[in-house]
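Asks: Quick one: the structure is below, questions incoming.
Read the figures in this text as sums done on the coordinates, not as results from a lab. All values derive from a computational prediction rather than experimental measurement. Don't worry about glycine lacking a Cβ; one is built from the backbone with ideal geometry, like all the others, and counts go over all protein chains shown.
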Amino acid sequence: MELGIAGRTAIICAGSKGLGRGCALALAGEGVHVIIAARGAEALEAPAATIREAGGQATTIQADVTTDAGRAALLAACAEPDILVTNAGGPPPGEFSQFSLDDWRRAVEANMITPIALIGATIQGMMGRGFGRIINITSYSVKMPIASLELSNGARAGLTGAVAALARRSAPHNVTINNLLPGPFDTDRIRGNWARAAEVSGRSLDEVARDSVRSIPARRLGTTEEFGATCAFLCSTHAGFITGQNILLDGGAYPGTM
Ligand code: NAP
């Protein structure tokens, strides 16, 4: 399927690895010029090199997107994106009783305020130009709370509520906002979570990993290619009638009928 977005520009936050990288590669594969941000310079160059080798266009911005300075650097490189994919590292796991208010402030800053700031800085321009696609990478924790990830449950639910009405208000201008809710995907993040769970429970890493995969109806982790392809479709011209949605990609893990 021709997605109709060749020649567009996209900001991909936290795009050097994992789910963000999957989105960057998929969009670049559709002829989109991707501006990829992450903190680590070395890892940033890997997806950019892959994209350029395949004949695509990639620009890298070394920036911490959770800071004002990092977002300013990113927007200085691309003030008028057609596509914005918001993403950042997820908050650490832990116990509600042990989180400090500063832990909560950091989670809200990274996973709620940061996307809101980037959307605020770019959506008027998108509406004025008559095209825009905004994808927030959130988590299945929005639909189904994860006991050890209360910081994530809270901050991401806040973002989801914050953009729900805006997604309707921007729709007449062909600007859509949708949230992608990853379940368990094969990235560094999930492997780190498994390692911490093994440490806390005293079980082996293999056992934790096996039980985790067994709990997914698809009996496997999602791939970053699958995630990127979904993102690219939602950014396409064909997806202009889809807005304000929370789309689960979880191999069937969410147990509800709807
Ligand atoms: P990942 O493989 O660990 O990759 C994280 C990426 O984000 C890296 O490119 C990292 O690069 C970048 N990053 C982290 N903090 C950043 C910051 N402050 N500024 C700019 N870039 C930053 O993680 P992932 O699995 O793709 O997860 C992406 C998001 O989805 C996270 O919020 C995660 O909690 C959420 N999620 C993931 C899963 C899953 O199964 N993988 C499930 C549910 C939710 P640098 O470190 O170099 O900056």
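Asks: Could you tell me which of 215, 76, 134 has its Cα farthest along the dipole of the chain towards the positive end, charges placed at Cβ (Lys, Arg +1; Asp, Glu -1), taken about the Cα centre?
Replies: Positive-most Cα among the choices belongs to 134.
Asks: Tell me the relative contact order for region 1-151 as a rounded percent, counting alpha carbon contacts under 8 Å between residues six or more apart.
Replies: Averaging sequence separation for qualifying contacts and normalising by length gives 22 percent for region 1-151.
Asks: If you take every residue apart from residue 219 with its C-beta less than 14 Å away from the C-beta of residue 219, what net charge results, scoring Lys and Arg +1 and Asp and Glu -1?
Replies: Overall, the nearby charge balance is 0.
Asks: Next question, about the same structure. Using only Cα atoms and rounding to the nearest 10 degrees, what angle (0 to 90) does helix 188-201 make with the longest principal axis of the chain?
Replies: For 188-201 against the chain, the angle is about 20 degrees.
Asks: First select every other residue whose beta carbon is under 13 angstrom from the beta carbon of residue 6; then total the charges, Lys and Arg +1, Asp and Glu -1.
Replies: Neighbour charge sum, excluding residue 6 itself: -2.
Asks: Gap in Å between the Cα centre of region 181-200 and the Cα centre of region 28-59?
Replies: Computed from Cα coordinates, the inter-centre distance equals 25 Å.
Asks: Now for a different question. With Cβ to Cβ distances under 11 Å as the rule, what net charge do the other residues near residue 26 carry (K, R +1; D, E -1)?
Replies: Once all neighbours under 11 Å are counted, the net charge is -2.
Asks: Using Cα-Cα distances under 8 Å and only pairs 6 or more residues apart, what relative contact order does region 43-126 have, in percent?
Replies: 29 percent
Asks: Here's something else I'd like to know. Running a GNM on the chain with Cα contacts under 10 Å, which residue among 189, 203, 133 ends up with the highest mean-square fluctuation?
Replies: Comparing 189, 203, 133 in the GNM, the peak value goes to 203.
Asks: Under a 10 Å cutoff between Cα atoms, tell me which one of 130, 202, 29 has the largest fluctuation in the Gaussian network model of the chain.
Replies: Comparing 130, 202, 29 in the GNM, the peak value goes to 202.
Asks: If you don't mind, there's one more thing I want to ask. Tell me, how many Å apart are the Cα centres for region 218-258 and for region 138-153?
Replies: 17 Å
Asks: Right, something else. Quote the charge dipole size of region 64-162 about the Cα centre in Debye, to the nearest 20; the model charges only the Cβ of Lys and Arg (+1) and of Asp and Glu (-1).
Replies: Computed charge dipole of region 64-162: roughly 320 debye.
Asks: With axes computed from alpha carbons, what is the tilt in degrees of helix 68-77 against the longest principal axis of the chain, rounded to the nearest 10 within 0 to 90?
Replies: Approximately 40 degrees, to the nearest 10.
Asks: For the chain, give the magnitude of the charge dipole about the Cα centre (Cβ charges: +1 Lys/Arg, -1 Asp/Glu; no others), in debye to the nearest 20.
Replies: It works out to roughly 440 debye.
Asks: Normalised by the number of residues in the chain, what is the relative contact order in percent for Cα pairs under 8 Å and 6+ residues apart?
Replies: Computed value for the chain: 22 percent relative contact order.
Asks: Counting other C-beta atoms within 10 Å, which of 51, 216, 190 has the fewest, and how do the rest follow?
Replies: 216, 190, 51
Asks: Rank-order 11-20, 173-182 by packing density, defined as the average count of other C-beta atoms within 10 Å over each peptide's residues, highest first.
Replies: 11-20, 173-182
Asks: Once you order the gyration tensor axes a ≥ b ≥ c over the Cα atoms, which shape class does region 100-258 get: rounded for a/c under 1.5, otherwise prolate or oblate by comparing a/b with b/c?
Replies: prolate
Asks: How would 254, 140 line up from fewest to most surrounding beta-carbon atoms within 10 angstrom?
Replies: The most exposed by this proxy come first: 254, 140.
Asks: Please state, as a whole number in µm²/s, the translational diffusion coefficient that the Stokes-Einstein equation yields for region 1-159 at 37 °C and 0.692 mPa s, with Rh defined as the Kirkwood radius across alpha carbon pairs.
Replies: My calculation gives 204 µm²/s for D.
Asks: Another question, if that's okay. Which of 78, 23, 235 has the fewest other C-beta atoms within 10 Å, and how do the rest follow up to the most?
Replies: Starting with the residue having the fewest Cβ neighbours, the order is 78, 235, 23.
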